[in-house]
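What follows is a set of notes on a single structure, which appears directly below.
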Amino acid sequence: MASPPDAPTPVADILNPVHEVLKNSDLLTIICDFLKADVNRSGLPAGVTGQKIHPVLAIAMTARELKVAALDSLWKELNGLKPLLYLFPQTLTSRNFRTLPKEISSSMWEGFDIYTRRVQSLSCDPASRGSYSPRIYTRLAEHRKTIFPNLRRLKIDMLFAADPTIFFMIYSSPRLCEVEIVFDANPEADDAFGSVRAAMTELPLVDTLRVTCGTGDTQGPLFSSFCPAIALEPAKERLRTLSITSHPVDPDFFLQLSSFNILESLAVRVAESVPRLRNVDPESGFPVLTSLDIAANVTMMCRILHVLSAGVLKKLHFKDTANLAYEARSAAMLDLHSQLGGHFSLTELHIRYMKQSAARFSNFNEIQHLSYHGELAVAEGSAIFPSEHWAHLRSLHVVSAETISYKVLPDFARCCPELVDLKLPLLFPDQGVLEDYPAMNHHLHTLVVHRLQVTRHAKVAGFLNGIFPFLSDIKGGSGWKEVKEILIDACQHARRKERAMLCGN
(Lines give C-alpha, C1' and ligand atoms only; values in the text may rest on other atoms or scores of the structure.)
Protein backbone atom coordinates (compact mmCIF):
# COMPACT_ATOMS: atom_id res chain seq x y z
CA MET A 1 0.00 0.00 0.00
CA ALA A 2 1.38 3.37 -0.99
CA SER A 3 2.07 5.92 1.73
CA PRO A 4 -0.29 8.91 1.97
CA PRO A 5 1.00 11.98 0.12
CA ASP A 6 1.57 13.93 3.34
CA ALA A 7 3.09 11.03 5.31
CA PRO A 8 6.67 11.45 6.54
CA THR A 9 9.38 10.03 4.34
CA PRO A 10 10.35 6.51 5.50
CA VAL A 11 13.71 6.23 7.24
CA ALA A 12 14.94 3.80 4.57
CA ASP A 13 14.44 6.54 1.95
CA ILE A 14 16.16 9.15 4.07
CA LEU A 15 19.22 6.94 4.45
CA ASN A 16 20.14 6.79 0.76
CA PRO A 17 23.30 4.94 -0.29
CA VAL A 18 25.40 8.00 0.50
CA HIS A 19 24.31 7.70 4.14
CA GLU A 20 24.47 3.92 4.38
CA VAL A 21 27.73 4.24 6.27
CA LEU A 22 25.80 5.69 9.22
CA LYS A 23 24.01 2.37 9.66
CA ASN A 24 27.29 0.92 10.90
CA SER A 25 26.91 1.39 14.66
CA ASP A 26 30.64 1.11 15.35
CA LEU A 27 31.49 3.79 12.82
CA LEU A 28 28.65 5.99 14.02
CA THR A 29 29.98 5.71 17.58
CA ILE A 30 33.42 6.83 16.40
CA ILE A 31 31.85 9.82 14.62
CA CYS A 32 29.80 10.76 17.68
CA ASP A 33 32.81 10.47 20.00
CA PHE A 34 34.81 12.69 17.65
CA LEU A 35 32.02 15.30 17.64
CA LYS A 36 31.82 15.19 21.45
CA ALA A 37 35.56 15.79 21.74
CA ASP A 38 35.27 18.74 19.35
CA VAL A 39 32.48 20.25 21.48
CA ASN A 40 34.60 19.82 24.61
CA ARG A 41 37.42 21.74 22.91
CA SER A 42 35.48 24.44 21.09
CA GLY A 43 32.01 24.58 22.62
CA LEU A 44 28.61 24.08 20.99
CA PRO A 45 28.43 25.10 17.32
CA ALA A 46 25.69 27.40 16.05
CA GLY A 47 23.30 26.20 13.34
CA VAL A 48 22.04 28.19 10.35
CA THR A 49 19.46 29.87 12.59
CA GLY A 50 22.09 30.84 15.15
CA GLN A 51 20.73 28.41 17.73
CA LYS A 52 23.34 26.25 19.42
CA ILE A 53 22.76 22.50 19.57
CA HIS A 54 24.98 19.57 20.38
CA PRO A 55 25.84 17.85 17.06
CA VAL A 56 25.39 14.37 18.58
CA LEU A 57 21.91 15.35 19.75
CA ALA A 58 21.19 16.56 16.23
CA ILE A 59 22.21 13.15 14.90
CA ALA A 60 19.92 11.45 17.43
CA MET A 61 17.02 13.57 16.20
CA THR A 62 17.70 12.86 12.52
CA ALA A 63 16.33 9.33 12.22
CA ARG A 64 15.21 6.49 14.42
CA GLU A 65 17.99 4.23 13.16
CA LEU A 66 20.60 6.70 14.41
CA LYS A 67 18.99 7.53 17.74
CA VAL A 68 20.22 4.64 19.89
CA ALA A 69 23.90 4.84 18.92
CA ALA A 70 23.92 8.64 19.19
CA LEU A 71 22.30 8.69 22.63
CA ASP A 72 24.60 5.91 23.82
CA SER A 73 27.57 8.09 22.89
CA LEU A 74 26.04 11.28 24.32
CA TRP A 75 25.28 9.71 27.71
CA LYS A 76 28.40 7.56 27.97
CA GLU A 77 30.22 10.33 29.85
CA LEU A 78 28.01 12.25 32.28
CA ASN A 79 29.19 15.53 33.81
CA GLY A 80 27.15 15.94 36.97
CA LEU A 81 23.86 14.44 38.08
CA LYS A 82 21.61 17.25 36.88
CA PRO A 83 20.89 15.78 33.42
CA LEU A 84 19.50 12.64 35.07
CA LEU A 85 17.45 14.57 37.61
CA TYR A 86 15.93 16.67 34.84
CA LEU A 87 14.14 13.51 33.69
CA PHE A 88 11.75 13.97 36.62
CA PRO A 89 9.42 16.77 37.65
CA GLN A 90 10.90 18.52 40.67
CA THR A 91 9.52 20.33 43.69
CA LEU A 92 11.10 22.54 46.34
CA THR A 93 11.54 21.70 50.00
CA SER A 94 10.92 24.22 52.77
CA ARG A 95 14.63 25.07 52.59
CA ASN A 96 14.45 25.65 48.81
CA PHE A 97 16.29 22.43 47.92
CA ARG A 98 15.07 20.61 44.85
CA THR A 99 13.58 17.19 45.42
CA LEU A 100 11.45 14.60 43.66
CA PRO A 101 7.66 14.48 43.88
CA LYS A 102 6.06 11.77 45.99
CA GLU A 103 4.47 10.14 42.94
CA ILE A 104 6.58 9.17 39.93
CA SER A 105 5.07 7.22 37.06
CA SER A 106 6.46 3.88 35.96
CA SER A 107 7.20 5.29 32.49
CA MET A 108 9.48 7.93 34.05
CA TRP A 109 11.35 5.27 35.98
CA GLU A 110 11.70 3.21 32.79
CA GLY A 111 13.20 6.20 30.99
CA PHE A 112 15.53 6.80 33.94
CA ASP A 113 16.69 3.17 33.78
CA ILE A 114 17.39 3.43 30.06
CA TYR A 115 19.59 6.50 30.44
CA THR A 116 21.47 5.31 33.53
CA ARG A 117 22.41 2.08 31.74
CA ARG A 118 24.20 4.21 29.14
CA VAL A 119 26.47 5.96 31.68
CA GLN A 120 30.04 4.58 31.79
CA SER A 121 31.84 7.63 33.21
CA LEU A 122 30.48 10.03 35.84
CA SER A 123 31.96 13.31 37.15
CA CYS A 124 30.30 14.71 40.23
CA ASP A 125 31.41 17.90 42.01
CA PRO A 126 29.66 20.10 44.63
CA ALA A 127 28.30 22.47 41.97
CA SER A 128 26.50 19.60 40.24
CA ARG A 129 24.46 18.69 43.29
CA GLY A 130 24.53 21.72 45.62
CA SER A 131 20.92 22.78 45.00
CA TYR A 132 19.47 19.30 45.57
CA SER A 133 18.16 17.74 48.76
CA PRO A 134 20.26 14.77 49.99
CA ARG A 135 17.01 12.82 50.15
CA ILE A 136 16.84 12.83 46.36
CA TYR A 137 19.77 10.42 46.13
CA THR A 138 18.42 7.91 48.61
CA ARG A 139 15.12 8.10 46.74
CA LEU A 140 16.86 7.08 43.54
CA ALA A 141 18.68 4.28 45.37
CA GLU A 142 15.36 3.02 46.74
CA HIS A 143 14.09 2.60 43.19
CA ARG A 144 16.95 0.33 42.17
CA LYS A 145 19.88 -1.00 44.16
CA THR A 146 22.29 -0.51 41.26
CA ILE A 147 21.61 2.84 39.62
CA PHE A 148 24.56 2.77 37.19
CA PRO A 149 25.04 -0.88 36.18
CA ASN A 150 27.66 -0.07 33.53
CA LEU A 151 29.61 2.64 35.35
CA ARG A 152 33.38 2.12 35.02
CA ARG A 153 34.95 5.50 35.83
CA LEU A 154 34.05 7.94 38.60
CA LYS A 155 35.43 11.41 39.36
CA ILE A 156 34.17 12.78 42.66
CA ASP A 157 35.05 15.41 45.23
CA MET A 158 36.49 14.46 48.59
CA LEU A 159 33.41 15.22 50.70
CA PHE A 160 30.94 13.31 48.55
CA ALA A 161 33.33 10.35 48.29
CA ALA A 162 32.91 9.72 52.04
CA ASP A 163 29.19 10.62 52.19
CA PRO A 164 26.96 7.65 53.12
CA THR A 165 24.66 8.64 50.25
CA ILE A 166 27.21 7.52 47.70
CA PHE A 167 27.28 4.01 49.15
CA PHE A 168 23.67 3.55 48.07
CA MET A 169 23.81 5.45 44.84
CA ILE A 170 27.16 4.82 43.12
CA TYR A 171 29.37 2.43 45.07
CA SER A 172 26.98 -0.42 44.27
CA SER A 173 27.94 -0.22 40.57
CA PRO A 174 29.29 -3.71 39.78
CA ARG A 175 31.79 -2.63 37.09
CA LEU A 176 33.32 0.45 38.71
CA CYS A 177 37.10 0.02 38.45
CA GLU A 178 38.56 3.54 38.13
CA VAL A 179 38.12 6.35 40.69
CA GLU A 180 39.45 9.91 40.84
CA ILE A 181 39.04 11.82 44.11
CA VAL A 182 39.49 15.60 44.02
CA PHE A 183 41.01 16.97 47.24
CA ASP A 184 40.96 20.48 48.62
CA ALA A 185 44.27 22.34 48.83
CA ASN A 186 44.22 22.05 52.64
CA PRO A 187 41.93 19.11 53.38
CA GLU A 188 40.63 18.05 56.75
CA ALA A 189 42.36 14.84 57.81
CA ASP A 190 39.14 12.96 58.60
CA ASP A 191 37.57 13.85 55.24
CA ALA A 192 40.70 13.00 53.25
CA PHE A 193 41.35 9.69 54.98
CA GLY A 194 37.67 8.74 54.96
CA SER A 195 37.21 9.41 51.24
CA VAL A 196 40.17 7.27 50.18
CA ARG A 197 39.51 4.52 52.72
CA ALA A 198 35.82 4.30 51.72
CA ALA A 199 36.62 3.99 48.03
CA MET A 200 39.26 1.34 48.65
CA THR A 201 37.00 -0.61 51.01
CA GLU A 202 33.62 -0.41 49.31
CA LEU A 203 34.68 -0.88 45.69
CA PRO A 204 36.02 -4.42 45.32
CA LEU A 205 36.89 -4.07 41.62
CA VAL A 206 38.73 -0.74 41.74
CA ASP A 207 42.27 -1.15 40.42
CA THR A 208 42.92 2.49 39.50
CA LEU A 209 42.96 5.44 41.92
CA ARG A 210 43.86 9.04 41.14
CA VAL A 211 44.01 11.76 43.77
CA THR A 212 44.08 15.26 42.32
CA CYS A 213 43.54 18.80 43.61
CA GLY A 214 40.80 21.12 42.42
CA THR A 215 43.23 24.05 42.38
CA GLY A 216 46.02 22.16 40.59
CA ASP A 217 49.14 20.63 42.08
CA THR A 218 49.90 22.20 45.44
CA GLN A 219 53.00 22.46 47.61
CA GLY A 220 50.82 22.32 50.72
CA PRO A 221 50.98 19.76 53.52
CA LEU A 222 52.39 16.28 52.96
CA PHE A 223 49.81 13.80 51.73
CA SER A 224 50.72 11.35 54.47
CA SER A 225 50.01 13.99 57.15
CA PHE A 226 46.28 13.74 56.50
CA CYS A 227 45.99 10.48 54.54
CA PRO A 228 48.56 7.84 55.58
CA ALA A 229 49.24 4.82 53.41
CA ILE A 230 46.99 2.66 55.60
CA ALA A 231 44.04 4.23 53.74
CA LEU A 232 45.12 2.28 50.67
CA GLU A 233 45.66 -1.05 52.45
CA PRO A 234 42.23 -2.58 51.57
CA ALA A 235 43.18 -2.41 47.87
CA LYS A 236 46.79 -3.49 48.29
CA GLU A 237 46.32 -6.75 46.38
CA ARG A 238 44.34 -5.25 43.47
CA LEU A 239 45.61 -1.70 42.94
CA ARG A 240 47.41 -1.55 39.58
CA THR A 241 47.45 2.20 38.89
CA LEU A 242 47.98 4.88 41.54
CA SER A 243 48.41 8.61 40.90
CA ILE A 244 48.74 11.10 43.77
CA THR A 245 49.38 14.56 42.33
CA SER A 246 47.31 16.66 44.75
CA HIS A 247 50.05 16.92 47.39
CA PRO A 248 53.65 15.74 47.77
CA VAL A 249 54.36 12.49 49.60
CA ASP A 250 57.28 11.84 51.91
CA PRO A 251 59.86 9.14 51.17
CA ASP A 252 58.47 6.87 53.90
CA PHE A 253 55.06 6.88 52.19
CA PHE A 254 56.80 5.96 48.94
CA LEU A 255 58.53 3.04 50.66
CA GLN A 256 55.23 1.77 52.03
CA LEU A 257 53.86 1.75 48.49
CA SER A 258 56.77 -0.43 47.39
CA SER A 259 55.09 -3.41 49.06
CA PHE A 260 52.06 -3.16 46.73
CA ASN A 261 52.98 -6.23 44.76
CA ILE A 262 50.77 -5.77 41.69
CA LEU A 263 51.15 -1.99 41.28
CA GLU A 264 52.11 -1.39 37.64
CA SER A 265 51.88 2.40 37.28
CA LEU A 266 52.67 5.07 39.87
CA ALA A 267 52.66 8.89 39.74
CA VAL A 268 53.82 10.89 42.80
CA ARG A 269 55.73 13.98 43.89
CA VAL A 270 58.29 13.23 46.59
CA ALA A 271 58.83 16.06 49.05
CA GLU A 272 62.27 17.48 49.68
CA SER A 273 61.52 18.17 53.33
CA VAL A 274 62.70 14.70 54.34
CA PRO A 275 66.37 14.49 53.30
CA ARG A 276 66.93 10.76 53.07
CA LEU A 277 65.27 7.38 52.80
CA ARG A 278 65.39 4.94 55.65
CA ASN A 279 67.21 1.65 55.10
CA VAL A 280 65.36 -0.85 52.93
CA ASP A 281 66.26 -4.02 51.11
CA PRO A 282 67.66 -2.94 47.74
CA GLU A 283 65.82 -3.86 44.52
CA SER A 284 62.99 -5.62 46.37
CA GLY A 285 60.06 -3.20 46.03
CA PHE A 286 57.51 -2.65 43.28
CA PRO A 287 58.05 -6.07 41.69
CA VAL A 288 55.86 -5.36 38.63
CA LEU A 289 56.05 -1.55 38.38
CA THR A 290 56.59 -0.73 34.70
CA SER A 291 55.67 2.98 34.67
CA LEU A 292 56.82 5.67 37.11
CA ASP A 293 55.93 9.37 36.90
CA ILE A 294 57.80 11.21 39.63
CA ALA A 295 58.88 14.72 40.62
CA ALA A 296 61.74 14.80 43.09
CA ASN A 297 65.13 16.25 43.92
CA VAL A 298 67.62 14.71 41.51
CA THR A 299 69.96 13.94 44.41
CA MET A 300 67.29 11.59 45.86
CA MET A 301 66.50 9.73 42.66
CA CYS A 302 69.23 7.10 42.86
CA ARG A 303 68.05 6.10 46.32
CA ILE A 304 64.44 6.09 45.15
CA LEU A 305 65.25 3.91 42.15
CA HIS A 306 67.34 1.66 44.39
CA VAL A 307 64.05 0.47 45.92
CA LEU A 308 62.69 -0.78 42.57
CA SER A 309 63.22 -4.31 41.35
CA ALA A 310 65.92 -4.29 38.68
CA GLY A 311 64.92 -4.64 35.05
CA VAL A 312 61.16 -4.15 35.52
CA LEU A 313 60.69 -0.42 34.92
CA LYS A 314 60.03 0.46 31.26
CA LYS A 315 58.64 4.01 31.33
CA LEU A 316 59.92 6.92 33.42
CA HIS A 317 58.67 10.50 33.62
CA PHE A 318 61.00 12.50 35.86
CA LYS A 319 60.88 16.18 36.80
CA ASP A 320 63.78 17.53 38.81
CA THR A 321 62.75 19.86 41.63
CA ALA A 322 66.26 20.68 42.88
CA ASN A 323 67.88 24.09 42.80
CA LEU A 324 71.53 23.10 42.76
CA ALA A 325 74.75 24.56 41.46
CA TYR A 326 75.92 23.31 38.07
CA GLU A 327 78.60 20.94 39.39
CA ALA A 328 76.39 19.28 42.02
CA ARG A 329 73.46 18.96 39.64
CA SER A 330 75.56 17.51 36.81
CA ALA A 331 77.14 14.95 39.14
CA ALA A 332 73.70 13.84 40.38
CA MET A 333 72.44 13.64 36.80
CA LEU A 334 75.35 11.48 35.71
CA ASP A 335 74.71 9.12 38.61
CA LEU A 336 71.00 8.97 37.81
CA HIS A 337 71.47 8.28 34.11
CA SER A 338 74.11 5.68 34.83
CA GLN A 339 71.75 3.84 37.18
CA LEU A 340 68.85 4.07 34.72
CA GLY A 341 70.93 2.65 31.90
CA GLY A 342 72.55 -0.04 34.03
CA HIS A 343 69.55 -1.37 36.00
CA PHE A 344 66.56 -0.86 33.71
CA SER A 345 65.75 -1.48 30.05
CA LEU A 346 63.75 1.70 29.53
CA THR A 347 61.71 2.03 26.34
CA GLU A 348 60.29 5.45 27.22
CA LEU A 349 61.98 8.30 29.09
CA HIS A 350 60.64 11.83 29.66
CA ILE A 351 62.98 13.96 31.71
CA ARG A 352 62.85 17.61 32.71
CA TYR A 353 65.71 19.61 34.18
CA MET A 354 65.27 23.27 34.88
CA LYS A 355 68.91 24.20 34.36
CA GLN A 356 71.89 23.29 32.22
CA SER A 357 73.05 19.70 32.36
CA ALA A 358 76.09 17.74 31.33
CA ALA A 359 74.30 14.42 31.58
CA ARG A 360 74.23 11.80 28.84
CA PHE A 361 71.61 9.42 27.46
CA SER A 362 74.07 7.27 25.56
CA ASN A 363 73.61 3.95 27.40
CA PHE A 364 69.86 3.45 26.80
CA ASN A 365 69.95 0.51 24.44
CA GLU A 366 66.20 -0.19 24.31
CA ILE A 367 64.92 3.40 24.31
CA GLN A 368 62.12 4.09 21.82
CA HIS A 369 60.69 7.42 23.01
CA LEU A 370 62.86 10.10 24.60
CA SER A 371 61.91 13.65 25.57
CA TYR A 372 64.15 16.19 27.26
CA HIS A 373 63.16 19.58 28.64
CA GLY A 374 65.91 21.85 29.91
CA GLU A 375 69.04 23.71 29.03
CA LEU A 376 71.62 22.07 26.82
CA ALA A 377 75.35 21.68 26.72
CA VAL A 378 75.46 20.34 23.19
CA ALA A 379 78.69 18.74 22.11
CA GLU A 380 79.78 15.27 21.17
CA GLY A 381 79.06 12.96 24.09
CA SER A 382 76.60 15.37 25.73
CA ALA A 383 72.91 15.01 26.46
CA ILE A 384 71.34 15.08 23.00
CA PHE A 385 74.19 14.06 20.76
CA PRO A 386 73.02 10.98 18.78
CA SER A 387 74.24 7.69 20.16
CA GLU A 388 74.90 4.34 18.56
CA HIS A 389 72.78 2.91 21.38
CA TRP A 390 69.64 4.59 19.99
CA ALA A 391 69.03 1.98 17.29
CA HIS A 392 65.39 1.55 18.41
CA LEU A 393 64.59 5.23 19.00
CA ARG A 394 61.33 6.24 17.28
CA SER A 395 60.66 9.69 18.72
CA LEU A 396 62.87 12.40 20.22
CA HIS A 397 61.46 15.65 21.61
CA VAL A 398 63.78 18.35 22.94
CA VAL A 399 62.52 21.61 24.44
CA SER A 400 65.24 24.12 25.27
CA ALA A 401 66.12 27.78 25.02
CA GLU A 402 69.42 26.74 23.43
CA THR A 403 69.68 25.79 19.76
CA ILE A 404 71.24 22.79 18.04
CA SER A 405 73.12 23.05 14.76
CA TYR A 406 71.63 21.43 11.66
CA LYS A 407 74.93 19.51 11.35
CA VAL A 408 73.65 16.97 13.89
CA LEU A 409 70.91 15.72 11.53
CA PRO A 410 73.09 13.29 9.52
CA ASP A 411 74.19 11.74 12.80
CA PHE A 412 70.57 11.17 13.76
CA ALA A 413 69.95 9.52 10.40
CA ARG A 414 72.97 7.27 10.90
CA CYS A 415 72.44 6.34 14.57
CA CYS A 416 68.61 6.18 14.69
CA PRO A 417 67.33 4.13 11.74
CA GLU A 418 63.82 3.80 13.24
CA LEU A 419 63.34 7.49 14.10
CA VAL A 420 60.06 8.85 12.69
CA ASP A 421 59.30 11.85 14.92
CA LEU A 422 61.93 14.50 15.72
CA LYS A 423 61.44 17.78 17.60
CA LEU A 424 64.53 19.93 18.08
CA PRO A 425 65.42 23.61 18.50
CA LEU A 426 67.21 23.32 15.17
CA LEU A 427 69.24 26.20 13.76
CA PHE A 428 70.15 26.73 10.11
CA PRO A 429 72.53 29.65 9.34
CA ASP A 430 71.16 32.67 7.45
CA GLN A 431 74.23 32.81 5.23
CA GLY A 432 77.15 30.73 4.06
CA VAL A 433 77.24 27.32 2.46
CA LEU A 434 75.42 24.42 4.08
CA GLU A 435 77.70 21.46 4.55
CA ASP A 436 77.24 18.67 2.07
CA TYR A 437 76.57 15.10 3.20
CA PRO A 438 76.10 11.86 1.27
CA ALA A 439 72.48 11.20 0.31
CA MET A 440 70.57 9.08 2.82
CA ASN A 441 67.28 7.21 2.65
CA HIS A 442 66.03 7.76 6.19
CA HIS A 443 62.29 7.37 6.86
CA LEU A 444 61.77 10.31 9.23
CA HIS A 445 58.14 11.50 8.88
CA THR A 446 57.81 14.50 11.21
CA LEU A 447 60.23 17.34 11.95
CA VAL A 448 59.33 20.13 14.38
CA VAL A 449 61.79 22.96 15.03
CA HIS A 450 59.60 24.90 17.48
CA ARG A 451 59.53 28.67 16.90
CA LEU A 452 62.87 29.06 15.18
CA GLN A 453 62.74 30.78 11.80
CA VAL A 454 64.49 29.97 8.55
CA THR A 455 65.26 32.31 5.65
CA ARG A 456 66.87 30.19 2.92
CA HIS A 457 63.88 28.04 2.08
CA ALA A 458 65.18 26.26 -1.03
CA LYS A 459 68.60 25.45 0.42
CA VAL A 460 67.14 24.06 3.64
CA ALA A 461 64.53 22.03 1.72
CA GLY A 462 67.24 20.57 -0.48
CA PHE A 463 69.39 19.70 2.52
CA LEU A 464 66.53 17.93 4.28
CA ASN A 465 65.50 16.14 1.10
CA GLY A 466 68.95 14.61 0.80
CA ILE A 467 68.77 13.09 4.28
CA PHE A 468 65.05 12.61 4.99
CA PRO A 469 63.34 12.07 1.62
CA PHE A 470 60.12 10.80 3.23
CA LEU A 471 59.34 13.84 5.39
CA SER A 472 55.61 14.50 5.33
CA ASP A 473 55.17 17.07 8.09
CA ILE A 474 57.38 20.03 9.01
CA LYS A 475 56.50 22.68 11.58
CA GLY A 476 58.39 25.65 12.92
CA GLY A 477 58.54 29.42 13.01
CA SER A 478 58.65 31.86 10.13
CA GLY A 479 59.75 30.32 6.82
CA TRP A 480 59.17 26.67 7.61
CA LYS A 481 55.85 26.56 5.79
CA GLU A 482 57.69 27.50 2.61
CA VAL A 483 60.33 24.84 3.28
CA LYS A 484 57.59 22.22 3.59
CA GLU A 485 55.95 23.31 0.34
CA ILE A 486 59.22 23.13 -1.58
CA LEU A 487 60.15 19.77 -0.07
CA ILE A 488 56.81 18.08 -0.73
CA ASP A 489 55.57 19.84 -3.86
CA ALA A 490 58.91 20.10 -5.67
CA CYS A 491 61.57 17.74 -4.34
CA GLN A 492 59.35 14.74 -3.59
CA HIS A 493 57.22 15.31 -6.69
CA ALA A 494 60.31 15.28 -8.88
CA ARG A 495 61.54 12.10 -7.23
CA ARG A 496 58.20 10.36 -7.80
CA LYS A 497 58.23 11.45 -11.41
CA GLU A 498 61.78 10.18 -11.87
CA ARG A 499 60.85 6.85 -10.27
CA ALA A 500 57.88 6.51 -12.58
CA MET A 501 60.10 7.13 -15.63
CA LEU A 502 62.58 4.49 -14.49
CA CYS A 503 59.73 2.01 -14.09
CA GLY A 504 58.53 2.72 -17.63
CA ASN A 505 55.28 4.42 -16.57
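The values are calculated or read from the model by the stated rules, or taken from the named source; none is laboratory data. None of these values were measured; they are calculated from a predicted model. Because the Cβ atoms are built from the backbone with ideal geometry, glycine has one as well, and the counts that use them run over all protein chains shown. Side chains included, ligands, DNA and RNA excluded: accessible areas come from the protein's heavy atoms. Shrake-Rupley method; radii C 1.70, N 1.55, O 1.52, S 1.80 Å.
Just the residues that are under 38 Å from the mean Cα position of the chain (by Cα) and of a type in the set (D, E, K, R), please, taken from region 57-115.
Across region 57-115, the qualifying residues are ARG64, GLU65, LYS67, ASP72, LYS76, GLU77, LYS82, ARG98, GLU110, ASP113.
Mind counting the residues in region 427-453 that are open to solvent by less than 70 Å² (accessible area, probe 1.4 Å), at negative phi and either out of contact with any Leu (no Cβ under 9 Å at 6 or more places or on another chain) or at pLDDT below 90 (or both)?
Selection size over region 427-453: 5.
Take GLU435 and decide whether it is assigned to a loop (DSSP other than H, G, I, E, B), over 26 Å from ASN363 (Cα atoms) and in contact (Cβ under 8 Å) with a residue 12 or more places away in the chain.
yes
Do we find a residue being touching a Gly at 6+ places or on another chain (Cβ under 8 Å), assigned to a loop (DSSP other than H, G, I, E, B), open to solvent by 10 Å² or more (accessible area, probe 1.4 Å) and at negative phi anywhere in region 456-469?
Within region 456-469, not a single residue is touching a Gly at 6+ places or on another chain (Cβ under 8 Å), assigned to a loop (DSSP other than H, G, I, E, B), open to solvent by 10 Å² or more (accessible area, probe 1.4 Å) and at negative phi.
Go through (1) under 27 Å from the mean Cα position of the chain (by Cα); (2) open to solvent by 20 Å² or more (accessible area, probe 1.4 Å) one by one and return the number of the condition GLY342 breaks.
Of (1) under 27 Å from the mean Cα position of the chain (by Cα); (2) open to solvent by 20 Å² or more (accessible area, probe 1.4 Å), only one is false for GLY342: (1).
Return the residue satisfying two criteria in turn: it lies in region 6-41 and is within 34 Å of the chain's Cα centre (by Cα) and open to solvent by 100 Å² or more (accessible area, probe 1.4 Å), and of such residues it is modelled with the highest pLDDT.
So, considering only residues that are within 34 Å of the chain's Cα centre (by Cα) and open to solvent by 100 Å² or more (accessible area, probe 1.4 Å), the one modelled with the highest pLDDT is PHE34.
Output the number of residues of region 320-342 satisfying the condition of being of a type in the set (Gly, Ala, Ser), in contact (Cβ under 8 Å) with a residue 24 or more places away in the chain and not in a helix (DSSP H, G or I).
Looking only at that region, the number is 1.
Filter region 317-339 down to the residues that are among the small types (Gly, Ala, Ser) and surrounded by 15 or more Cβ atoms within 10 Å (Cβ to Cβ), then identify the one that is nearest to ILE294 (Cα to Cα).
Checked region 317-339; the qualifying residue nearest to ILE294 (Cα to Cα) is ALA322.
Hey, can you tell me all the residues within region 287-308 that are open to solvent by less than 20 Å² (accessible area, probe 1.4 Å), modelled with pLDDT under 95 and under 17 Å from PHE344 (Cα atoms)?
Within region 287-308, MET301, ILE304, LEU305, VAL307, LEU308 meet the criteria.
Return the residue satisfying two criteria in turn: it lies in region 42-63 and is closer than 22 Å to THR116 by Cβ and in a helix (DSSP H, G or I), and of such residues it is most open to solvent (accessible area, probe 1.4 Å).
Here the answer is LEU57.
Might you check whether a residue that is in contact with a Ser or Thr (Cβ under 7 Å, 6 or more places away or on another chain), surrounded by fewer than 21 Cβ atoms within 10 Å (Cβ to Cβ), within 21 Å of ALA162 (Cβ to Cβ) and polar (S, T, N, Q) occurs anywhere in region 195-213?
Looking for residues that are in contact with a Ser or Thr (Cβ under 7 Å, 6 or more places away or on another chain), surrounded by fewer than 21 Cβ atoms within 10 Å (Cβ to Cβ), within 21 Å of ALA162 (Cβ to Cβ) and polar (S, T, N, Q), one finds at least one in region 195-213, hence yes.
Just need a number here: residues in region 386-410 that are open to solvent by 40 Å² or more (accessible area, probe 1.4 Å), in contact with a Ser or Thr (Cβ under 9 Å, 6 or more places away or on another chain) and outside any loop (DSSP other than H, G, I, E, B).
Looking only at that region, the number is 2.
Could you pull out every one of the strands (runs of 3 or more DSSP E) wholly within region 133-247 that has 1 or more residues that are hydroxyl-bearing (Ser, Thr, Tyr)?
The strands (runs of 3 or more DSSP E) meeting that bar are 208-213.
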